[in-house]
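Q: This is the structure I want to talk about, given as structure tokens.
Quick note: the coordinates plus some simple rules give every number you see, no bench work behind them. Remember, it's a predicted structure, so these values are computed and weren't measured experimentally. Glycine also receives a Cβ, built like all others from the backbone with ideal geometry; neighbour counts cover every protein chain displayed.
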Amino acid sequence: DVVAGIGGGSSHDLAKYIALKKGARLVQVPTILSSDASVTSAIGIREGWRARYIGHIEIDRILVDFSLIKQAPKELVRYGASDILSSHTAKYDLKIASSRHKERFDQSYYEKARDMLAKLAENRFEVRDVTDEGIKTIVELYLGYAEIAEKLRSDRAQEGSEHFFAYNVEYLTRRQYVHGKLLAVGILAMSYIQENEFDKILQLMRDMGLEARPSIVDLGKEDFSKAMMTLRAFTERGGYYYSVINEIELDRSISEELYKILSSTF
């Protein structure tokens, strides 16, 4: 038996789940690149509006038709780069966790993730224009991070506080979002909190045609601030990876100031 996942991120996670339960081979056919779910083995679900992973499955084939991808809205394809750009803040969180003896640090994979971010930056205008080279860049980098995840048995190289912010927003608002858009907001917010090359990441986003204003996902000041102020409790309660969030207290004043900064950057 063969299960085919055709579409975007949710369809690929559903296909992985069905294939795992049926013991079937899995073929993924992305029609859009709004997330990396088509290439990763981890099966992600939302349970009570909380993100969690329930297993892994080997993908037999991934079929990428560039002409099919180009039929999707360009904006959504561009935001597929967010699941690569998230490595910027995730790597920083990993270093924090390692320094606190919470996790093992592997320098070789850290450097590989850094090099892949450099490739994204090198091809940023191709990504913006959704050319064949831009699509190829996104897919190849997805596969590169998936390889790291398989070797480490963890998606730590690209999942950190930026993803946890997105998960908390979903949990609090009980709304579905375009993953890459919400993640872009999280990446820029956490770059600022980490004091981690905020201006550089902001410019890279601009060059790729990405925005990270909370308003692009209809996130108002109150919901944004609530997501920030409750983020530490959310991550600790959910058992998520150790990150910069575990080391700071984000009060209303800081959260509202951050909202103001992000809202004025694009």
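Q: With runs of 4+ DSSP H residues as the only contributors, calculate the mean residue ellipticity of the chain at 222 nm using -39,500 (n - 2.57) per run, divided by the residue total and rounded to the nearest 500.
A: Rounded to the nearest 500, the figure is -17000 deg cm²/dmol.
Q: Same structure, new question: Using R₀ = 22 Å, calculate the FRET efficiency as 1/(1 + (r/R₀)^6) where r is the Cβ-Cβ separation of Arg175 and Glu249; round to 0.05.
A: It comes to 0.25.
Q: OK, next. Would you work out which of Ser108, Thr131, Pro73 lies farthest towards the positive end of the dipole of region 11-142, given +1 charges on the beta-carbon of Lys and Arg and -1 on that of Asp and Glu, about the Cα centre?
A: Value computed over the given set: Ser108.
Q: Note down the net charge around Ser225, summing +1 for each Lys or Arg and -1 for each Asp or Glu among other residues with Cβ under 11 Å from its Cβ.
A: Within the 11 Å Cβ shell, the charges total -1.
Q: Can you work out the FRET efficiency for the pair Phe266 and Asp1, with r the C-beta to C-beta distance and R0 = 51 Å, to the nearest 0.05?
A: 0.65
Q: Taking 0.36 nm per intervening residue step and subtracting the Cα-Cα distance, what contour gain separates Arg25 from Leu63 on full extension?
A: The Arg25-Leu63 span can extend by a further 12.3 nm.
Q: Magnitude of the Cβ-charge dipole of region 74-263, K/R +1 and D/E -1, about the Cα centre, nearest 20 debye?
A: 300
Q: Same structure, new question: Which FRET efficiency, nearest 0.05, do His101 and Ser215 yield, Cβ-Cβ r, R0 45 Å?
A: For R0 = 45 Å, the calculated efficiency reads 0.65.
Q: Continuing with this model, one more query. Tell me, what is the percent relative contact order of the chain, built from C-alpha pairs under 8 Å that lie six or more residues apart?
A: Averaging sequence separation for qualifying contacts and normalising by length gives 18 percent for the chain.
Q: With the cut-off at 1.5 for a/c, could you classify region 128-242 from its C-alpha gyration tensor as rounded, prolate or oblate?
A: It comes out oblate by the Cα gyration axes.
Q: Can I ask one more? Please identify which residues in region 111-148 have an amide N closer than 12 Å to a label point set 7 Å out from the Cα of Tyr53, following the Cα→Cβ vector.
A: Flagged as within label range: 146-148.
Q: Moving to a separate point now. For region 118-164, build the convex hull from the C-alpha positions and give me its volume per residue in Å³.
A: Residue-normalised Cα hull volume stands at 79 Å³.
Q: Relative to the longest principal Cα axis of the chain, at what angle does helix 132-152 sit, 0 to 90 degrees, rounded to 10?
A: 80
Q: Of the DSSP beta bridges with both residues in the chain, give the percent that are antiparallel, rounding to the nearest 5.
A: In the chain, approximately 40 percent of DSSP beta bridges are antiparallel ones.
Q: Given N residues in region 2-69, what is its alpha carbon radius of gyration divided by 2.2 N^0.38 Å?
A: This ratio for region 2-69 stands at 1.04.
Q: Could you tally the net charge around Ile201, taking each other residue with its Cβ under 11 Å from the Cβ of Ile201, Lys/Arg +1 and Asp/Glu -1?
A: Taking every other residue near Ile201 into account, the sum is -2.
Q: Another question, then. Could you estimate the translational diffusion coefficient of the chain from the Stokes-Einstein equation, with Rh from the Kirkwood formula over C-alpha pairs, at 20 °C and 1.002 mPa s, in whole µm²/s?
A: Translational diffusion coefficient: 116 µm²/s.
Q: Still on this structure: Could you pull the Rg and Dmax for region 1-131, using just the Cα atoms, both in Å?
A: 16.5, 47
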